[in-house]
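**Student:** Have a look at the structure that comes next, please.
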Amino acid sequence: MSRKILVMTGSARRGGNSDLMADAFIRGAEEAGHEVIKYEAAAHPIKGCLYCDTCYSLGGDRACTHDQEFNELAPLYESCDTIVYVTSVFWFTFPAQLKAAMDKMYALMVGKRPFGIKESMLIAVGAGKEDFKYEGLIKSYELTARDRKWKDLGHYIVKGVNDYAAVKETEHLEKIEELGRRI
Ligand SMILES: Cc1cc2nc3c(=O)[nH]c(=O)nc-3n(C[C@H](O)[C@H](O)[C@H](O)COP(=O)(O)O)c2cc1C
């Protein structure tokens, strides 16, 4: 089955660990024939949700009354069928830029828009070596998938990698590329 995959990254470090992991995943997924759109949340600073409940009230595809950046992302939530979060872990959860993009999925609910995403996966990296340092991120991801009734395709966590692009020195990029090939 050919998918339309939205790969959402969280880190602002271009060429950093999670960016390299996203590109490895994309190489594999494209090789397997999937269409992939990479959305770098940190390059499109989406503002936090104001909970004004005026989503889509301006007509057309203007999802957010206050945030043109989100209006460019919203159609991807409608047209893609799979979402893959590829991110560094910040303070036990998603980096703020990515979290803001996730919070605004709420607009599609208010606007009663068709949500295309049916499946999801989490790929993450952090400096910490202990499992508990990833529990918050994984739980937050899993609850999002459960609430949205996405089929959870699982998670792949790279632990103990901190320095810029240090993931290159590990076996993980190859494994993540293979994950993309097998999705
Ligand atoms: C603000 C901030 C918060 C962080 N919080 C965590 C954390 O909670 N747990 C962890 O293991 N690493 C944490 N890290 C380390 C990064 O996750 C780690 O360096 C990662 O490899 C960065 O990936 P990147 O190159 O894609 O940005 C944090 C780093 C920053 C800058």
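The values are calculated or read from the model by the stated rules, or taken from the named source; none is laboratory data. Owing to the predicted nature of the structure, the values given are computational and were not obtained by experimental measurement. Cβ placement follows ideal geometry from the backbone for every residue including glycine, while neighbour counts extend to all protein chains displayed. Just the protein is used for accessible areas: all its heavy atoms, side chains included, with ligands, DNA and RNA removed. Shrake-Rupley method; radii C 1.70, N 1.55, O 1.52, S 1.80 Å.
**Student:** Filter segment 47-56 down to the residues that are at pLDDT 95 or above and either basic (Lys, Arg) or open to solvent by less than 90 Å² (accessible area, probe 1.4 Å) (or both) and list them by number.
**Tutor:** Gly48, Cys49, Cys52, Asp53, Thr54, Cys55, Tyr56
**Student:** Here are some conditions: (1) surrounded by 23 or more Cβ atoms within 10 Å (Cβ to Cβ); (2) in contact with a Lys or Arg (Cβ under 7 Å, 6 or more places away or on another chain). Asn71 meets all but one. Which one does it not meet?
**Tutor:** Going through the list (1) surrounded by 23 or more Cβ atoms within 10 Å (Cβ to Cβ); (2) in contact with a Lys or Arg (Cβ under 7 Å, 6 or more places away or on another chain), Asn71 breaks only (1).
**Student:** Show me the helices (runs of 4 or more DSSP H) found entirely inside segment 50-139 where at least 2 residues are in contact with a Gly (Cβ under 8 Å, 6 or more places away or on another chain) and of a type outside the set (A, V, I, L, M).
**Tutor:** Helices (runs of 4 or more DSSP H) meeting the threshold: 68-79, 96-103.
**Student:** So, one more: Out of Glu40, Glu31, report the one residue that is surrounded by 14 or more Cβ atoms within 10 Å (Cβ to Cβ), modelled with pLDDT of 95 or more and of a type in the set (Asp, Glu).
**Tutor:** Glu40
**Student:** If you don't mind, there's one more thing I want to ask. Look at segment 1-22 and say how many of its residues are of a type outside the set (Ser, Thr, Tyr) and within 17 Å of Ser120 (Cα to Cα).
**Tutor:** Final tally of qualifying residues: 10.
**Student:** Check whether at least one residue in segment 85-103 is within 13 Å of the ligand (Cβ to nearest atom), among the hydroxyl-bearing types (Ser, Thr, Tyr) and open to solvent by 30 Å² or more (accessible area, probe 1.4 Å), and report yes or no.
**Tutor:** Yes, that holds for at least one residue.
**Student:** A further question follows. Of the residues in segment 169-183, how many are over 11 Å from Asp23 (Cβ atoms) and part of a helix (DSSP H, G or I)?
**Tutor:** Of the residues in segment 169-183, 8 are over 11 Å from Asp23 (Cβ atoms) and part of a helix (DSSP H, G or I).
**Student:** Next up: Against the definition (surrounded by 19 or more Cβ atoms within 10 Å (Cβ to Cβ) and more than 16 Å from the ligand (Cβ to nearest atom)), how does Leu108 come out, yes or no?
**Tutor:** So Leu108 passes the test.
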